[in-house]
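These notes concern the structure reproduced below.
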Amino acid sequence: MTATPLHLTPELVEDPVRGYADLRSRPDLGHAVLPGLNTPARLITRYDDVRAALTEPRLIRDRTAVPGGTDMPDPQAELLAQGFEGFPEEYLPYLSGHLALFDGEEHTRRRNPLTRAFTARRVSALRPFVEKTAQELVAGLAEREQADLLGEFAYPLSTAVICELVGVDAADQERVCGWIRDFAYGDGSRIIEGLAGIVEYTKDLVARRRAEPTDDLVSALLADGGMSDDEIVTVFFLLINTGITPPALFLAHGVLALLDHPEQGELLRAEPELPARAVPELLRFVTLVRIGATLYAAEDFEFAGTPLKKGEAVTVALFGANHDPEVYEVPERLDVTREFGRGDGHLAFGHGPHYCIGAALGRVVTGVVLEELFVRRPAPVLAVDRADVAFGHWPGDGFHLLSLPVRL
């Protein structure tokens, strides 16, 4: 291990071109300590190397599956210890059953029923609900002198979409959305109450859908038969953790990026077909999940010019890869007309077996929001000076908006 790993600050993570320049220019993989952590890992920053790592079978997610075990340093354990501190033990299995932590057959067993239930038809059928909800939220906020586009628009929209997708009954949505807010993005004072409420409600919802199926995700998972009841509850937490906070923050960061580049917002309004084309560029430019899950070398082998030892921790800089100057012309420039080749053209949704299940839904919601905020009405205007927009930091991942005050 190198004696002096690079200690990444949130400010370095926030600068995806220059912040990773030293690591990107090395012939091998350097060691880095992620923001808020103390344990170093090999950090992959080049686009092609990140893609290769995400499909490399010798880089696994489940550290306990390393043959013979390992005592190598583990940043993921440090991160999980921070994230789960204080949670009642009986609820931890619902939180630790994240698909990102499994490999091979177990990952396939858990993921396939969800993939089969997440059909294009089901995603497409949600679009009218997304449009109606977005329009109602904007109409209410437009009547006020200023509004928080993150807390009062992006979070409620993402939460409502997940509740609708899962099948939370209309009469229960306000209560369940309250628990989700307390658990996922509140002030932290009622996080345990939110966790308990979601678990007990979802258990009851599974029992009710088994007795009387409807056209929702829970009913589809029950009909598939590939998951236990507890695993379906875990899926709800997977959707809350990956389908609410990251998308909500992405929407807010995406709007802020367009406000920082007003000429790009004008292009969206001038060219009706452009909002849909702009979605992949915004995903690339923002890349809300900056650092991917920790990977572990299952054996000694060489990767990207670097000898890896069995059990050694490796992680991928998705934000850095999406701003790799070898792949993107002027990567720090937001260009909603940027042409991409086949596929996504970016790694914001990951790559390979762990590619984001909700990618199609994310594209739908983003397209609706761009049309609602930049095409159907005048663009939002920041209600504070740009320097006063507040950011916070997550351990291991860098920076994120705390609020986005705007006038609509």
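Throughout, read-outs are computed from the coordinates displayed, never taken from laboratory work. Being a predicted model, the structure only gives us computed values, none of them experimental. Methodologically, a virtual Cβ is constructed for each residue, glycine included, from the backbone with ideal geometry; neighbour enumeration extends over all protein chains shown.
Converting phi to 3J(HN,Hα) with the Karplus coefficients 6.51, -1.76 and 1.60 and the offset θ = phi - 60°, region 293-309 yields 5, 5, 10, 10, 5, 7, 7, 6, 6, 9, 9, 6, x, 10, x, 9, 9 Hz in sequence order, with x at every glycine or proline. Fully extending the segment from Glu302 to Tyr355 would add 16.7 nm, taking 0.36 nm per residue of separation and subtracting the current Cα-Cα distance.
Distant-in-sequence amide contacts of Phe303, defined by a placed amide H-H separation under 5 Å and a gap of 5 or more residues or a different chain, comprise Leu308. In the neighborhood of Ala100, defined by Cβ-to-Cβ distances under 12 Å, what is the net charge if each Lys or Arg adds +1 and each Asp or Glu adds -1? That works out to +1.
Extension gain, His7 to Glu212: 0.36 nm times the residue separation minus the Cα-Cα distance gives 68.4 nm.
Residues whose amide H lies under 5 Å from that of Gly311, counting only those 5 or more places away or on a different chain, are Ala297, Ala298, Glu299; hydrogens are built 1.01 Å from N in the peptide plane. Under the combined filter of DSSP loop state and at most 11 neighbouring Cβ atoms within 10 Å, region 110-178 retains these GluC sites (Glu not before Pro): Glu143, Glu145. Using equal-weight Cα scatterers in the Debye expression, the normalised intensity of the chain in log10 at q = 0.07 Å⁻¹ is -0.33. If you take the Cα centroid of region 274-310 and the Cα centroid of region 130-182, the two points sit 31 Å apart.
When Asp187, Asp49 are arranged by Cβ crowding within 10 Å, least crowded first, meaning fewest neighbours, the order is Asp187, Asp49. Backbone phi angles across region 65-73, fed through the Karplus curve with coefficients 6.51, -1.76 and 1.60 (θ = phi - 60°), yield HN-Hα couplings of 8, 5, x, x, x, 7, 10, 5, x Hz in residue order; Gly and Pro are listed as x.
Amide hydrogen proximity for His7: with H placed 1.01 Å from N in the peptide plane, the residues at 5 or more positions away or on another chain lying under 5 Å are Val33.
For Lys309, the aspartates and glutamates whose Cα falls under 17 Å of its own Cα, not counting residues fewer than eight places away in the same chain, are Asp28, Glu56, Asp62, Asp71, Asp74, Glu299, Asp300.
Of the GluC sites (Glu not before Pro) found in region 218-289, those in coil by DSSP whose Cβ has at most 14 other Cβ atoms within 10 Å are Glu273.
Exactly which GluC sites (Glu not before Pro) in region 296-346 are in a DSSP loop and have at most 14 other Cβ atoms within 10 Å? If you can, show how the numbers build up before the last one.
On the way: sites: Glu299, Glu302, Glu312, Glu326, Glu329, Glu332, Glu339; in loops: Glu299, Glu312, Glu326, Glu329, Glu332, Glu339.
Answer in residue order: Glu299, Glu326, Glu329, Glu332, Glu339.
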